[in-house]
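Engineer: Have a look at the structure that comes next, please.
A short reminder: the numbers here are calculations on the coordinates, not readings from a lab. Computed from a prediction, not measured in an experiment: that's the story for all the values here. Quick reminder, even Gly has a Cβ in these numbers, built from the backbone with ideal geometry, and neighbours come from all protein chains shown.
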């Protein structure tokens, strides 16, 4: 196999539909696959079965999972198909494996063409419905989560569901302060956008959707990109465009943030999270918000991107936020993404505890970065380890008593840096193990025996700390070198590689589609890119970081659960397993006795802390609201609930990470980390 590009990623690549065509608005002619797509389907199936980390069989079991994924991608809300449609489609549940092997795309295109036909009919019903006034005094209730709901038995049942769905959307806007006339206008525009979106789907979009229904059945980080999506992904990775610095994709009817680029404008705000929905976009400080629910990602990107120095405002709401929670408005100044600004930052904190004052060095590491070209040419180059080493040396001159490494929201990066950074705190030894799909195990070592800092050390992490972050935190914990505090980390213990399919498929020359075609210039057909999982990470103890992540020594109250967030929330994520431990010298900077005392102190402090007790109560209320699936469609009832709920979320707002150099008083997790560090200093 040709050499592959090595890439550590946090989350599965986003499925995005890019580009517009000149199709008329009401072009609902059936879409059909072409011979290239059939060829790619067959090649990708064989390639993954040969080179994916997890060996799998292309059989009836896989076919069933692909079938369910594709139906969910097309109509996950159960809003268009009836039980009669699903019964008809069931005949194809166990034949998709043969279709994948043979390059047959007839079934997914048939299903999607059926959806397009039904959608056109449904849109006509919605337009008529929006001509009627809303009944905000209704005694009806609406089921929000449709994943466990059965399919409607008739068109009449679907009509009833749509009546409630539209009323629910109108009610949410009314609770947000919109007038009835504005609500009607917004909903008409929204569903016109939906209709436009369905009409403009191309055969390649259907093909990409089906291929990712297949790859998702293998693991969540394996994906296929059609050529236009691959081109956009490569632009995003090069950070060459001006914008907000985020990777987006469609998630049902929403545009969702799947990655926030360190150093980008959105990253600098510290007000957005992965899996936030973008509900609206406004230009400048005074522009009116444009509702973008139902938009394609590429259309949203065109609205969000703009000239450097201009302002764009976003309305954001967490994917799993309670239905009554208000969106957050985030103001962003557009600029080029500057990775050089996503570097480690340090400061000295004066921490008071029991009448004593300690100097604590705080180092925030947003990502594990390394200038590989500079490193190859020798001399001075930028890297996480080099920057952190300078901070540690400066801290030593200032006489600091302890060091906090803040890895919250650090999604990973360079494996080399995770290894070398660990080496600043330990003598030489193993840091991480890597296992290939064929069973070969490589141990990655820190070979430098010197130690830059040997004092009290604490690592602060959250649920968004992933990949290389988990390698570093896991090694510090395994060596007993420092304390890990915060939330359970993400749990991504896999490695992905990018494959350009043009390198493998012989590409016949085809006439160019641009203006040069008339001059006889030809170009080669493109096949897209494949991202596949090829390795797994293991800690030096032999435990995998996959699914489990790094469990903190001191766990803070968290709004995240393993079932709903992180790697373990993904049904097809590779399993947790263990391999043989490597040989490494334990350090006793944090032994079990010290760890137990610190945990006891935290628990005692917890009982006396109004902030922590309030936080725990708010999390309980938040989760109860979030897990509700049925809501009243009566305005007065919902308004009362909304007012009660908003009063229960004051402390939750303090969980947002503050920037280095800012006032950290509102950063509840950092404040608790400082108190634990005080205990560690005293007990050490």
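Engineer: Taking the Kirkwood radius as the inverse of the mean 1/r across Cα pairs, report the Rg/Rh of the range 240-336.
Structural biologist: 0.92
Engineer: What do you get for the angle between helix 60-75 and the principal long axis of the chain? Use alpha-carbon atoms, 0 to 90 degrees, nearest ten.
Structural biologist: That works out to roughly 80 degrees.
Engineer: Please compute the length gained on full extension between residue 348 and residue 49, using 0.36 nm multiplied by the number of residues separating them and subtracting their Cα-Cα distance.
Structural biologist: So the extension gain works out to 102.4 nm.
Engineer: Rounded to the nearest 0.05, what FRET efficiency is calculated for residue 684 and residue 438 with R0 set to 56 Å and r the Cβ-Cβ distance?
Structural biologist: On the way: r = 44 Å, r/R0 = 0.79.
Efficiency, rounded to the nearest 0.05: 0.80.
Engineer: Follow-up question, since we're still on this one. Over the Cα atoms of the range 385-495, what radius of gyration and what Dmax do you get, in Å?
Structural biologist: Using the Cα atoms of the range 385-495, the pair Rg, Dmax is 14.0, 50 Å.
Engineer: What is the gain in length, in nm to one decimal, between residue 155 and residue 139 on full extension, counting 0.36 nm per residue of separation less the C-alpha to C-alpha distance? Let's see the in-between values first.
Structural biologist: Numbers: separation 16, 0.36 × 16 = 5.76 nm, distance 2.26 nm.
Net length gain for the segment: 3.5 nm.
Engineer: Would you mind computing Rg(Cα) / (2.2 N^0.38 Å) for the chain, counting N as its residues?
Structural biologist: On the way: Rg = 26.5 Å, N = 684, 2.2 N^0.38 = 26.3 Å.
Scaled against compact globular proteins, the figure is 1.01.
Engineer: Which whole number in µm²/s is D for the range 5-223 by Stokes-Einstein, with the Kirkwood Rh taken over Cα pairs at 10 °C and 1.306 mPa s?
Structural biologist: 82 µm²/s
Engineer: For the range 362-417, max minus min Cα coordinate along each principal axis, in Å, sorted largest first?
Structural biologist: So the extents along the principal axes, rounded to whole Å, are 36, 28, 12.
Engineer: What does the convex hull of the Cα atoms come to per residue for the range 62-138, in Å³?
Structural biologist: Cα convex hull per residue, to the nearest whole number: 101 Å³.
Engineer: Suppose the chain between residue 88 and residue 376 were pulled fully straight at 0.36 nm per residue; how much longer would it get relative to their current alpha carbon spacing?
Structural biologist: Between residue 88 and residue 376, full extension yields 97.7 nm more.
Engineer: Can I ask one more? Neighbouring Cβ atoms within 10 Å as the yardstick, rank 269, 447, 45 fewest first.
Structural biologist: 447, 269, 45
Engineer: Test of understanding: ordering 367, 173 by Cβ neighbours within 10 Å, fewest first, what list do you get?
Structural biologist: Exposure proxy ranking, most exposed first: 173, 367.
Engineer: Restricting everything to alpha-carbon atoms, can you work out Rg to Rh for the range 117-274 with a Kirkwood hydrodynamic radius?
Structural biologist: 1.02
Engineer: Estimate the FRET efficiency between residue 623 and residue 357 by the formula 1/(1 + (r/R0)^6), using the beta-carbon distance for r and 41 Å for R0, to the nearest 0.05.
Structural biologist: 0.60
Engineer: Once the Cβ-Cβ distance between residue 308 and residue 179 is put in as r, and R0 is 30 Å, what FRET efficiency do you end up with, to the nearest 0.05? Walk me through the numbers on the way to the answer.
Structural biologist: Details: r = 36 Å, r/R0 = 1.20.
The computed FRET efficiency comes out at 0.25.
Engineer: Given only helices, namely DSSP H runs of n ≥ 4 each adding -39500 (n - 2.57), what is the per-residue ellipticity at 222 nm of the chain, to the nearest 500 deg cm²/dmol?
Structural biologist: After summing the helix terms and dividing by the residues of the chain, the value is -12000 deg cm²/dmol.
Engineer: In addition: Enter the per residue convex hull volume of the range 545-684, computed from alpha-carbon coordinates, in Å³ rounded to the nearest integer.
Structural biologist: 175 Å³
Engineer: With equal scatterers on the alpha carbons only and no solvent term, can you work out the Debye log10 of I(q)/I(0) for the range 259-408 at 0.09, 0.16 1/Å?
Structural biologist: -0.45, -0.97
Engineer: Restricting things to alpha carbons, tell me how big the range 330-403 is in terms of Rg and Dmax, in Å.
Structural biologist: For the range 330-403, the Cα radius of gyration and maximum Cα-Cα distance read 16.3, 52 Å.
Engineer: Oh, and also: How far apart, in nm, are two points set 7 Å out from the Cα along the Cα-to-Cβ line at residue 653 and at residue 393?
Structural biologist: Here the answer is 4.3 nm between the modelled labels.
Engineer: Also, I was wondering about something else. Could you work out how far the C-alpha centroid of the range 555-621 sits from that of the range 317-338, in angstrom?
Structural biologist: 27 Å
Engineer: Follow-up question, since we're still on this one. For a quick check: sort 417, 106, 641 by the number of other beta carbons within 10 angstrom, fewest at the front.
Structural biologist: On the way: 417 24, 106 12, 641 18.
Fewest-to-most ranking of 417, 106, 641: 106, 641, 417.
Engineer: Measure nothing fancy, just the Cα-based angle from helix 592-608's long axis to the longest principal axis of the chain, in degrees from 0 to 90, nearest 10.
Structural biologist: Between helix and principal axis, roughly 70 degrees.
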